[in-house]
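Chemist: Take this structure, written in structure tokens, and hold onto it; I'll ask about it next.
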Amino acid sequence: MSSSMQIESTSEHQVEPQQPEDDHKIDEQIAEALACPCVDDLRSGPCGKSFEAAFSCFLRHQAKHKGDDVDMDCLQQFEAMQQCMVQHPEAFAEFANFQASGEADRMAKEAASS
């Protein structure tokens, strides 16, 4: 019985050192995602900091919870980003016009049928 306790104890100690490594991998994945040119406009705009915080929180949650729905973990970050977007509608006018034109819906339908 003492050997199983020792194994359990050893396995517990093995989990702890891996957490910082896992966090480091998640941080690398977040940095890579934020480096994508597809988010340059969001990062360089007036809401860049709040976008980075919300997006990073979302990616970290997804990595740690393997596809679970985002719950309250990131709510504050997304609310801050939304407030910023409301305060700076001019920065998102092109996107709003794109959405309103129906072009986004058409492209989504095309992609789904491909």
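Read-outs throughout are calculated quantities, based only on the coordinates presented, and are distinct from any laboratory measurement. Quick caveat, the model's predicted, so the values are computed rather than measured. We place every Cβ from the backbone using ideal geometry, glycine too, and count neighbours over all the protein chains shown.
Chemist: Under 10 Å from the Cβ of LEU34, count the other residues' Cβ atoms, weight Lys and Arg +1, Asp and Glu -1, and hand me the total.
Modeler: Spelling it out: positives minus negatives among the neighbours equals -2.
Chemist: Sorted by mean Cβ packing within 10 Å, highest first, what order do the peptides 49-62, 80-93, 25-38 take?
Modeler: So the peptides 49-62, 80-93, 25-38, ranked by packing, come out 49-62, 80-93, 25-38.
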